[in-house]
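Undergrad: I'd like to ask you about the structure that follows.
Values in this text are rule-based calculations from the coordinates and carry no lab data. Just so it is clear, the structure is predicted and the values come from calculations on it, not from any experiment. Here the Cβ positions follow ideal geometry from the backbone for every residue, glycine too, while neighbour counts run over all protein chains shown.
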Amino acid sequence: MVLVRSLSLLVLALSPFVSAETIRPTKPVGTPHYRDYFYVGGQYVSQSGGTAQIQHGQLYVEHLTPSSGVTKKYPLLFVHGAGMTGTNFLNTPDGRLGWADWFLGQGYEVYLVDQPARGRSAYQSAVDGPQFSFSNEVVQSLFTSPAITKLWPQSILHTQWPGLGAVGDAVFDKFFASLVPLLATNVESATKNKAALTALVDKIGPVHLVTHSQSGEFGWNLADARPNLIRSIVGLEPAGPPFAGDATFPSNTSRLWGLTDIPITYSPPLSSPDALNKDKILVNDPVADNFPCYAQSPPIRTLPNLAQVPVLVVTSESGWHVISDWCMVRYMREAGMKRVEHVKLGEVGIKGNGHMFFMEKNNIEIVSKVVGPWVAGKN
């Protein structure tokens, strides 16, 4: 023990003279930063009619600040998709740095959340309703190895997931272990997220919002509620298409308000989505395209609170959203969202990605070439 201690002291004494080459970490350490967390939103409710109370609907918020100082005026706010948590953007399942670190390195302050009743945002079974979880088969078919099940034509182009994308593969097992149950109804999720995310931006001020998949529609609701606090929205394969499911998630009761499952402001005003749904028109061949694309029938109602919000929709080459994201973009533009841009990664030379492209092998290429420069232009 004396020898070990002596050697340890010797190493410590000599450490200033040891070359950086000798002690270089085997993995990237990321951008030095400060971390804190807090909760916003939520409300107290009584238990069984008594005086004892519980809290539900609160939002866990992780706050990261580059230790070298913030150089960008507006922070990034990341909102994850279904079955996920804010960890999606911290690191990749195979141990590489995630998008949060990249933006920290560019001088941005970063906020990451766990949706209400999800992950570190407490789920209260007495008031939050039923939950469900994704099975390994669903995750493999949709996210990690869609080229095997071939549920849609473009799935065979998927090459960027790190590893085999199936149970027993170390990377898949780490990713699957990170998934959590989610609320069974999207209306409930949307309602809770609108309240909590609104409370968050009221607290922290204007943000660049990054949404993914399920949370795409929560972004539209947030911008509708606080258009002055949303500098821009990056929708990573946002939930869609309007009014319906697609070949992967068929449904006749999805997004009855066009972009969302809960009320959003239209002009002329709507008290219910009935008129939108009654008069919607089909603008594609649903058999050939594997999904129905619906649009409003004239006269077109607009989304006035979203009209001036810059929006970037990003679509992978092989994820199932390549089928239908164009329909969402069409609906937005027709509804008066004047600043919508749509980038299809495959068309700008970024090949082989699926729905989880922000954690795939080329995740930094995507953020450094597409998302990062676009956000920088909106500061």
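Undergrad: Give, as a single signed number, the net charge of other residues whose beta carbon lies under 14 Å from the beta carbon of Trp152, with Lys and Arg counted +1 and Asp and Glu -1. Kindly include the intermediate steps, with their values, before the conclusion.
TA: On the way: positive: Lys150; negative: Glu237, Asp246, Asp289, Glu317, Asp325.
So the surrounding residues net to -4.
Undergrad: Kindly provide log₁₀ I(q)/I(0) values, in the same order as q = 0.23 Å⁻¹, from the Debye equation applied to equal alpha-carbon scatterers of the range 60-123.
TA: Rounded to two decimals, the profile gives -0.93.
Undergrad: Tell me, what is a quarter of the convex hull surface for the C-alpha atoms of the range 123-216, in nm² with one decimal? Please report the intermediate quantities before stating the final value.
TA: Details: hull surface 32.9 nm².
Its Cα hull, projected and averaged over all orientations, spans 8.2 nm².
Undergrad: Provide the net charge surrounding Asp128, with neighbours chosen by a C-beta distance below 13 Å and charges set as Lys +1, Arg +1, Asp -1, Glu -1. Working shown, then result.
TA: On the way: positive: Arg118, Lys192; negative: Glu188.
With Lys, Arg at +1 and Asp, Glu at -1, the net is +1.
Undergrad: Go through the range 141-151 residue by residue and turn each phi into a ³J(HN,Hα) via Karplus (6.51, -1.76, 1.60, θ = phi - 60°); whole Hz please, and just put x for glycine and proline.
TA: Values per residue, Gly and Pro as x: 5, 9, 10, 9, 9, x, 5, 7, 7, 6, 6 Hz.
Undergrad: What FRET efficiency, computed as 1/(1 + (r/R0)^6) with R0 = 30 Å and r the Cβ-Cβ distance, is obtained for Lys150 and Asp173, rounded to the nearest 0.05? Mind showing how you got there, number by number?
TA: Working: r = 23 Å, r/R0 = 0.78.
Once rounded, the FRET efficiency stands at 0.80.
Undergrad: Within the set of other residues whose C-beta is less than 15 Å from the C-beta of Gly240, count the net charge using Lys and Arg as +1 and Asp and Glu as -1.
TA: Residues near Gly240 contribute -2 overall.
Undergrad: Run lengths n ≥ 4 of DSSP H only: what is the helix-derived mean residue ellipticity at 222 nm for the chain, with -39500 (n - 2.57) per run over all residues, to the nearest 500? Provide the component values of the computation, followed by the final result.
TA: On the way: 14 runs with 107 residues, N = 379.
The helix-only estimate for the chain comes to -7500 deg cm²/dmol at 222 nm.
Undergrad: When the Debye formula is applied to the Cα atoms of the range 226-355, each taken as the same point scatterer, what base-10 log of I(q)/I(0) results at q = 0.22 Å⁻¹?
TA: -1.41
Undergrad: Evaluate the range 217-262: find the radius of gyration of its Cα atoms, find its Kirkwood radius, and give the ratio Rg to Rh.
TA: On the way: Rg = 11.8 Å, Rh = 11.4 Å.
Computed over Cα atoms, the ratio is 1.04.
Undergrad: With point charges of +1 on the Cβ of Lys and Arg and -1 on the Cβ of Asp and Glu, referenced to the Cα centre of the chain, which listed residue (Leu303, Tyr74, Asn363) lies farthest in the positive direction of the dipole?
TA: So the residue we want is Tyr74.
Undergrad: In addition: Within straight cross-link reach of Lys72, meaning Cα distance under 22 Å, which lysines are found once same-chain residues fewer than 8 apart are removed?
TA: Cross-link targets: Lys203, Lys369, Lys378.
Undergrad: For the range 324-376, restrict the atom set to alpha-carbon positions and state the Rg and Dmax in Å.
TA: Looking at the range 324-376, its Cα Rg and Dmax stand at 12.6, 36 Å.
Undergrad: Tally the DSSP beta bridges in the range 230-379 and give the antiparallel ones as a percent, rounded to 5.
TA: Values: 3 of 12 bridges.
Among the beta bridges of the range 230-379, antiparallel pairing accounts for roughly 25 percent.
Undergrad: Moving to a separate point now. Semi-axes of the range 56-376's equivalent ellipsoid from the Cα gyration tensor, sqrt of 5 times each eigenvalue, largest first, rounded to whole Å?
TA: Numbers: eigenvalues 145, 116, 82 Å².
That gives 27, 24, 20 Å for the three semi-axes.
Undergrad: If you don't mind, another one. Any aspartates and glutamates with Cα under 14 Å of the Lys174 Cα? List them, leaving off those in the same chain fewer than 8 positions away.
TA: Reachable aspartates and glutamates: Asp94, Glu360.
Undergrad: If you take every DSSP beta bridge whose two residues both sit in the chain, what share of them, in percent to the nearest 5, is antiparallel?
TA: Values: 24 of 46 bridges.
Close to 50 percent.
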